[in-house]
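A.B. asks: Dropping the structure in here first, questions after.
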Amino acid sequence: MNILELLRSRKYLQRILLSFMLVVIILVMTSVILYFNAQSKVFSMQNDADQKLLTQINFNIENMNEIVKELAVSLFNDEDMIALKSGADFKQSILKLEKLNGLVATSPYLHSIVFYNGKQDRYFSSLNHDLENNQLYDAIGRYVDSHTTIPKLQLIPMEMDGDDDSFDVFSLFVYDGPTVNSVNSNLLVLNIKPTWMLDNLKTLNALADRENDVIFITDSEGKVLISNDRNPLEEQDVKNTLLQRIASSGKTMDYFTYNQHDKKYRVTYLTRGMNNWQIISLQDYSVVMNNVRQLKWTAAQVTFSVVLLTVLISVYFSVRIYRPVGHLLTLVKGNGPHGKTNQPRDELSVIATSYSEITDKLKKMEKDQTVQINISKVYHLRSLITASESISEQEFQLRREQYGIDVLPHGSLVVALVRIDNLREISSQTADTALSLLNFAISNITQELLRRSYSSEAVDLKSDHLVFVISKSEGIGLDDLHKIFLEAQEMVRSYYRVTFSVTLSRVFESYRDITTYYTQDLRHSNYRMILGKQAIIDPDTVKNNEEFEQFHIPQELERQLTEGLKSGDRESINDGVLRWMELIRMFSFENMFSALLHMVVTLNNTLSEMNHNKLNPVSVNLQAINQRILEKETLDEIHEVLMDAIGEVLDKRQSARDEKSQLIADTIKEIVEKHYSDPDLNVQKIADMLRMSHVYLGQVFKGQEGITVVDFINQTRLAMARMYLENHDLTVAEIMDKVGYGNESYFYRLFKRQYGTTPKEYRLRSAINRNT
């Protein structure tokens, strides 16, 4: 069989070779396309880079302009600068110069700040600049005198030394008159360093790796404002040729090729910038084309080398890759049915079909076997934990060998019980499958840590806890188990944001005692209530509680809680509840709940006594409080529930008192407004009407309204007297009688104190005001 016949019979080998050849063809085509498009791509990238550079320069200048404009407006309107801007006191003006110095020193843009004070006909400026003050003032004065109109808040090139060929600063003018030459007009000039803009141009060129490029800025008339000192064009060339071509394009941003004295440049420009400035970039065209030519030659050389190498490697690897496939095909055909199949199938299809059938069968068998073993293992572990005394040693050894139960029959054993903290809240927020996965994760993490030193098995008892049976041929140290479970708690908390508590039994010697110590762990795990979440509980930790059989709440403690609730003394109540909680921490588990229930009943009985014969009794839902207490896992959480309930009761009582006080105050005002004409109306009479103590009534009214009852009666009477004076022709004596005053001098004194004038004078003024 020759090579061609071999290739025809090996479809997979053909595919390998075709795949490699396809890669070679794609590589050649890509290289050709890149070769012919290199110049346009380079120019496009160059154009994008130039436009981004010019846009960034324009943005930086506009950003600087906005910052300086905001500073100028803020400084011109700053009340602290009035002494400089328009103050007449020369000494006060001098004192404000330090602020100008500080502003110039902290700004990267500012060269100097100059105020012209119209009242003093004097200039004031910051001192930290490189010019003589007189030179600075003269330059500004010359510019102001030679221009009747100066645009406000616009950067203007300024020559400080009288040289028209260069600009020393860019100045921004703010003044308060219609024109800068108005009489007593005040002027603010902020001078900007041109070096900042030049440094900005150099920095952006350096960042773009374009140090040899020429960038300059011109005004609308073509005068060069800023250049990076490499400009090969004369200013006349810029005006006559370059700017005319830019203007004729009609585009805000574009590029073109420009010839100047047998030298070719690539020109990129941005027009309509701030103040109609134009930003222009010149790049040597030969530099751009050198990059293109170098890219073309490099691409051609690399393409030829890669294509040649790829062809050789393709042939070599095609043969090497196909060799094991051919061997597998021989094995499959040798073990399969004889004869040719009618279906045109390649080698991999035949191999894949055979392999798939075999692996599917193996996986199904392994899965079924694993499931059966795991179910049986969990069942026997649960039996061991709940009924270990009924399992003989022979049966135990048989289960160990058959199901791989990693528990020693004798030696040192410990039962550990794990409860997830906040289980009720987690169960309400997650599905049962998610909770099972969480238990599985805790079991796996903890067992991985335990099995570094011990034999260990874990089982989920499908209630609210996991059980670990830990064993070792020699002694087990509870301190070491503490450290292991602490590490497991930290890992679970960091991965799953969940905490759990652990209860450890004493070390025992026989597997038959597992159920006894598991039952003891169940009881001890309830002491999480006093030890808190994420606790690790062992028999020594709860020994004192287990031995404390007394259940007694001192009468003094009950009395403190009762009297505090009656008086509304929150501090006393909180102290009483805290003392009660501290006492509960000493009790055994059964007595803890009895003491808590006793506290709730005491609070309810006290509240019932307080509500007796009251119009608006305050109720508390004892059943709801009990339910909330049962849902909590620690005494601290129960304490918070109790204090919330007590706080709610006290707030309701205070609200009832406030409503009653406001009702009394409103009733007093209603009585006064109806009976103000009664000369005998006073606090005592109102108290008699309401059947209250006049002292209590006065205190309540002042607490609600901020004034005494007597003052309110006088205010009401005087307001009515003023109304009669304005709208009726009654005499003062008749008005006094109508508003309840019998003493004329007393009435006059109160009226003048209230309105600043006598009743007669008030009537006269009122009549004059009506006739005006």
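A.B. asks: So if we plug the beta-carbon distance of S349 and T386 into 1/(1 + (r/R0)^6) with R0 = 41 Å, what FRET efficiency do we get, rounded to 0.05? List each step's numbers first, then the result.
C.D. replies: Details: r = 55 Å, r/R0 = 1.35.
About 0.15, to the nearest 0.05.
A.B. asks: For L225, which sequence-distant residues (separation of 5 or more, or a different chain) have an amide H within less than 5 Å of its own amide H, given hydrogens modelled in the peptide plane?
C.D. replies: I217, T218, D219
A.B. asks: Once you've got the Cα coordinates, tell me which of K660/K685; K69/K193; K52/K251; K69/K251; K119/K193; K41/K251 are over 18 Å apart.
C.D. replies: Exceeds cut-off: K660/K685; K69/K251; K119/K193; K41/K251.
A.B. asks: If I model a spin label as a point 7 Å beyond the Cα along the Cα-Cβ vector, how far apart are those points for T203 and L461 in nm?
C.D. replies: 7.1 nm
A.B. asks: By average Cβ neighbour count within 10 Å, what is the ranking of 529-539, 499-509, 570-580 from highest down?
C.D. replies: Numbers: 529-539: 18.5, 499-509: 20.6, 570-580: 16.9.
Taking the mean over residues of other Cβ atoms within 10 Å, the ranking is 499-509, 529-539, 570-580.
A.B. asks: Within the set of other residues whose C-beta is less than 10 Å from the C-beta of N47, count the net charge using Lys and Arg as +1 and Asp and Glu as -1.
C.D. replies: Numbers: positive: K52, R266; negative: D48, D50, D254.
Within the 10 Å Cβ shell, the charges total -1.
A.B. asks: Can you list residues from other chains, or at least 5 along the same chain, whose modelled amide H is less than 5 Å from the amide H of F500?
C.D. replies: D421, Q534
A.B. asks: Please give the contour-minus-distance gain from Q394 to I321: 0.36 nm per residue of separation, less the Cα-Cα distance, rounded to one decimal in nm. Don't skip to the end; give the middle numbers.
C.D. replies: On the way: separation 73, 0.36 × 73 = 26.28 nm, distance 5.72 nm.
Extending this stretch completely gives an extra 20.6 nm.
A.B. asks: Let me ask something additional. How high is the FRET efficiency from N605 to E631, r the C-beta distance, R0 22 Å, rounded to 0.05?
C.D. replies: Numbers: r = 24 Å, r/R0 = 1.07.
Plugging the Cβ-Cβ distance into 1/(1 + (r/R0)^6) gives 0.40.
A.B. asks: Output ³J(HN,Hα) for segment 702-709: one whole-Hz value per residue in order, computed from phi by the Karplus curve 6.51 cos²θ - 1.76 cosθ + 1.60 with θ = phi - 60°, and x for Gly and Pro.
C.D. replies: Karplus values, whole Hz, x for Gly and Pro: 5, x, 8, 9, x, 9, 7, 5.
A.B. asks: Would you tally the net charge around L413, using a Cβ to Cβ cut-off of less than 9 Å, leaving L413 out, and scoring K and R as +1, D and E as -1? Don't skip to the end; give the middle numbers.
C.D. replies: On the way: positive: K472; negative: E509, D513.
That works out to -1.
A.B. asks: Moving on. Starting at the first residue of segment 138-150, write each ³J(HN,Hα) from the Karplus equation 6.51 cos²θ - 1.76 cosθ + 1.60 with θ = phi - 60°, in whole Hz, x for Gly and Pro.
C.D. replies: My calculation for segment 138-150 gives 5, 5, 5, x, 4, 5, 5, 5, 8, 10, 6, 10, 10 Hz in order.
A.B. asks: Please list 3J(HN,Hα) in residue order for segment 93-103, calculated via the Karplus relation 6.51 cos²θ - 1.76 cosθ + 1.60 where θ = phi - 60°; whole Hz, with x for glycine and proline.
C.D. replies: Whole-Hz 3J(HN,Hα) from phi for segment 93-103: 5, 4, 5, 8, 5, 4, 5, 4, 4, x, 5.
A.B. asks: Just the accessible area for T195, please: 1.4 Å probe, Å², rounded to the nearest 10?
C.D. replies: Surface open to solvent at T195 totals about 80 Å².
A.B. asks: Right, another one. Just add up the charged neighbours of E389: K/R +1, D/E -1, any other residue whose Cβ is under 13 Å from the Cβ of E389. Intermediate results must be reported in sequence, preceding the final value.
C.D. replies: Working: positive: R512; negative: E393, E395, D513.
That sum, taken over residues with Cβ under 13 Å, equals -2.
The values are calculated or read from the model by the stated rules, or taken from the named source; none is laboratory data. Remember, predicted model here, so these are calculated numbers, not experimental data. Counting neighbours? That spans all protein chains shown, and the Cβs are built from the backbone with ideal geometry, glycine included. Accessible surface areas use protein heavy atoms only, side chains included; no ligands, DNA or RNA. Shrake-Rupley method; radii C 1.70, N 1.55, O 1.52, S 1.80 Å.
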